[in-house]
1. Can you report the number of residues in region 183-228 which are modelled with pLDDT of 95 or more and either in contact with a strand residue (DSSP E or B) (Cβ under 7 Å, 6 or more places away or on another chain) or of a type in the set (Phe, Trp, Tyr) (or both)?
2. Taking helices (runs of 4 or more DSSP H) that fall entirely within region 23-99, which contain at least 1 residues that are under 24 Å from Asp154 (Cα atoms)?
3. State which residue pairs qualify: first residue under 16 Å from Asn34 (Cβ atoms) and inside region 68-83, second residue among the small types (Gly, Ala, Ser) in any location, beta carbons under 8 Å apart, and separation of 6 or more residues or different chains.
4. Mind checking which pairs have a first residue in region 236-248 that is under 14 Å from Gly29 (Cβ atoms) and without any contact (Cβ under 8 Å) to a residue 40 or more places away in the chain and a second that is assigned to a loop (DSSP other than H, G, I, E, B) and among the polar types (S, T, N, Q), Cβ under 6 Å, 6 or more apart or different chains?
5. Looking only at region 272-293, decide whether some residue is outside any loop (DSSP other than H, G, I, E, B), β-branched (Val, Ile, Thr), at pLDDT 90 or above and surrounded by fewer than 17 Cβ atoms within 10 Å (Cβ to Cβ).
6. It is to be established whether one or more residues within region 174-185 are surrounded by fewer than 17 Cβ atoms within 10 Å (Cβ to Cβ) and part of a loop (DSSP other than H, G, I, E, B).
7. If you go through region 187-207 one residue at a time, how many are under 20 Å from Cys331 (Cα atoms) and crowded, with 23+ Cβ neighbours inside 10 Å?
Amino acid sequence: MMTATTAINAINKAVRAYSDIRHISFFGGEPTLNIELIEIVCEFVLFLRRKRILNELPTFGITTNGYALDERVLQVLQKYDFSITLSLDGPKPIHDKERPTRSGKGSYDSIVKNIHRLVAAGLNIEFECTYTLNHLNAEIDIVQLMDFFFDEFDCHTLHCPIVAASPNSGEYIPLNVSLALQGDAVEYSIENLARNVPKTLSTAVRFLQSVTTHTPIWHYCPAGKSEITVNADGELFACFMLMQTPAYSFGSVNSCRDVQMQQTPFRIIGIGSGTEKEQVENMINSADKFANIACRCCWAQPLCHGCLGEDFERMGPAIHRSEISGVSEFCDYKRALAERFLRAVARAHRVTGNTGPAVVYA
């Protein structure tokens, strides 16, 4: 459990290091188990805004499994206007298998009851469903999950990452299978929007926002660029998915040791051995789409995006990138997904006679 001292130190260090803080997200573990700390942080941030130490008030967000939402938690979420990302893994049989309670029973019914309470309280909910081998073995694809969340919870945009697991893991899903799953869902998203049905995948929405605003996706991943993570002990990481490896920490908010946070992009100063430090640095630097020549020369560069933490779990720290087809399986996968999106938009244009979907639902 993070202490109030650690949380306040994290905010103070960020305030000194950056010109502004746009968003503060509470993550876990399960953050609702430490609701007193969350309220302390929110009140401290409001105090900093009143004193004009912060130019603008950051937004607050929380990622929760939705199981422990008592009245106290609901009051805090309402008071500070939280955006909520709720982890639900699909229909009841799948979810209960993925997320049993300590007694071995399913958690789906309790979570759905709490979802209705959140909606009744007027809170904005987004859903995250991690796609695993259990889904694949049950012959449930991402398109079916989009239908389920839309029909059951009126979810307009589903975030559905493929489980991050190495090829040596029993949970691994190969890139070609991931491409088929995500590609079908991206195409389905464009078809839905062309029919004025607001049922989309977050990947498709990200592509559309870039295309319709004529703005490239600047960072492949915000980790180490415009986003940092502080764990419960106050250790700093580029990405929350790296927190399980202490050697990937680049400092602590509770001391002055080895911490250098500068405005984007900041340097990462490792506290582990040179090898661990270099792994994190190289991972972030190689994903810089404007510095890595393989990315600068790639036709998909403006649209390419992903999660470095997920990539790290799947591919290891040394992800080879190439703008040449057939050289990098990873880059071929990213390009193929962008191509499926662009072809879907072209088909929608031919069918509707329009320039594509006029509205991006998020």
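The values are calculated or read from the model by the stated rules, or taken from the named source; none is laboratory data. Here the structure is a predicted model, which means the values were calculated and not measured. Because the Cβ atoms are built from the backbone with ideal geometry, glycine has one as well, and the counts that use them run over all protein chains shown.
1. So the answer is 11.
2. Those helices (runs of 4 or more DSSP H) span 71-79, 92-98.
3. These pairs meet every condition: Leu74/Ala121; Leu77/Ala121; Phe82/Gly61.
4. Correct list of pairs: Met243/Asn231.
5. yes
6. Yes, because at least one residue in region 174-185 is surrounded by fewer than 17 Cβ atoms within 10 Å (Cβ to Cβ) and part of a loop (DSSP other than H, G, I, E, B).
7. Total satisfying the criteria: 3.
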